[in-house]
Each structure stands twice: as structure tokens, then as C-alpha cells.
1. Cα centroids of region 135-163 and region 32-53: how far apart, whole angstrom?
2. Below 27 Å Cα-Cα, how many Lys pairs turn up in the chain? Only count pairs eight or more apart in sequence, or on different chains, if you could.
3. Contour minus end-to-end for VAL70 and LYS53, with contour as 0.36 nm per residue of separation and end-to-end as the Cα-Cα distance?
4. Can you give me the pair-distance distribution of region 85-132, C-alpha pairs, 5 Å bins, whole percents?
5. Run lengths n ≥ 4 of DSSP H only: what is the helix-derived mean residue ellipticity at 222 nm for the chain, with -39500 (n - 2.57) per run over all residues, to the nearest 500?
6. How far apart, in nanometres, would the label points at LEU20 and ARG124 be if each is projected 7 angstrom from Cα along the Cα-to-Cβ direction?
7. Once a ≥ b ≥ c are taken as the square roots of the eigenvalues of the Cα gyration tensor of region 124-163, is the result rounded (a/c under 1.5), prolate (a/b larger than b/c) or oblate (a/b not larger than b/c)?
8. Taking a probe of 1.4 Å, how large is the accessible area per residue of the chain, in Å²?
Amino acid sequence: MLEWICAFDKNLLLFLQQYLRTPLGDALFPIITALGNYGLIWILICVALLFTKRYRRWGGAGLCAMLLCVLVGNLLLKNLICRPRPFVELPQVVLLIEPPYGFSFPSGHSSSSFAAAWVLLRARRSWGIAALVLAALIAFSRMYLFAHYFTDVLAGAALGIGLAELTMRAFSSAALARVWQNCKKAIGKEQ
């Protein structure tokens with residue numbers, strides 16, 4: 001089964017390179033993938049939410065979910081699974097970006113993007129839909145740019161959504177609600 005999945009992953013990426021790669025995509029997808037570098041776009045959005053009374057809790061949940069993605073996905077799973085990136089296994093494809101470091105599974109860009117987008121979807125549906133579209137574009141860009149396999153991106157998205165759900169549930173529990181209220185009071189006193 002694992003061999004079949006690996007063969008599917010490689011064939012899908014080669015299909016993308018052969019049939020879907022265009023000059024427009026070559027110009028656009030490095031920019032889209034850069035939006036997800038280090039989760040920076042998502043961090044900026046969540047930090048901005050911290051400055052609004054109505055969405056402060058959602059900003060905190062998004063930041064916590066992304067931190068969990070780094071801990072579980074990038075530090076734990078990538079180093080346990082040690083899957084080489086596509087451009088290492090198939091060096092004939094010319095990269096359009098600097099070669100990413102580290103292992104491939106799961107995609108960190110996808111996990112952080114989908115974690116933040118999922119929190120935004122819960123905070124406000126219109127924001128969330130736009131964020132999910134951007135998260136999907138970032139995830140697709142990782143395959144287009146030969147940085148990740150499909151299963152890396154899929155696992156990253158699932159990990160991000162799952163950790164976002166866990167974080168939002170934790171942020172809504174009674175004990176954390178009290179802690180959150182105390183933090184809000186402390187922030188309110190500083191302003």
C-alpha cells in the first residue's frame with residue numbers, strides 16, 4: 001500500500017510539472033508560497049485580531065494552533081518520518097524557489113495555513129472562506145513548486161484543521177475561559 005501511495009505521489013507531481021506548469025504559474029506560485037513562509041501572513045492576521053476586543057480570543061487560538069503545528073508537524077513528525085522532498089528524489093525537475101530544508105512530511109506551510117484559516121472560519125465565515133482559499137492556494141503551490149508531495153500537503157491540512165479544532169475547544173473550556181478573562185483584564189489595565 002505504501003509503495004502505491006508513493007508512486008501515486010510521484011506521478012501526480014510529474015503530471016503537474018508536465019501538463020499544468022505555465023509561465024503565469026511559474027511567476028505566481030513562488031509569490032503565493034512565500035505568503036506561507038514561516039506562517040508569517042497568518043501570524044500577522046492573528047496578531048491583528050489580538051488588538052480587537054471582539055476577535056481577541058480567535059487571534060490567540062490561531063497563534064496557539066500554529067504553534068502546535070510547528071511542534072507536532074515540523075519538530076516531531078517530520079523528524080520521525082524523514083521523508084525526502086520531491087526535488088531530492090526526482091532531481092530532474094528545475095526548482096523555481098530556493099530548495100527548502102528539512103524533510104517533506106507533513107507540509108508545514110499547509111498545516112499552519114489550514115490551522116489559521118480554520119480558526120478564521122470559526123471567527124467569521126466570510127474571513128474563513130477567503131482564508132481557506134488562500135490556504136488551498138499555498139498548499140497547491142507547494143506541489144507546483146516541487147517542495148511537497150500531495151500526501152504531505154493533505155496530511156498538513158488535516159493536521160492544521162485538527163489542531164485548530166483542539167485549540168478552539170481548549171479556548172472555550174471553563175478553566176481556560178477564566179484564564180482568558182484574567183488575561184483580558186490585564187490587557188485592559190495596560191491600555
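The values are calculated or read from the model by the stated rules, or taken from the named source; none is laboratory data. This is a predicted model, so every value here is computed, not measured. Neighbour counts are summed over all protein chains in view; Cβ atoms, including those assigned to glycine, are modelled from backbone coordinates with ideal geometry. These area figures cover heavy atoms from the full protein model, side chains too; ligands, DNA and RNA do not enter into them. Shrake-Rupley method; radii C 1.70, N 1.55, O 1.52, S 1.80 Å.
1. Using only Cα atoms, the two centres lie 18 Å from each other.
2. Here the count comes out as 4.
3. Fully extending the segment from VAL70 to LYS53 adds 3.4 nm.
4. 5, 18, 19, 15, 12, 12, 12, 6, 2
5. The helix-only estimate for the chain comes to -23000 deg cm²/dmol at 222 nm.
6. 3.1
7. oblate
8. Roughly 55 Å² per residue, with all protein chains present.
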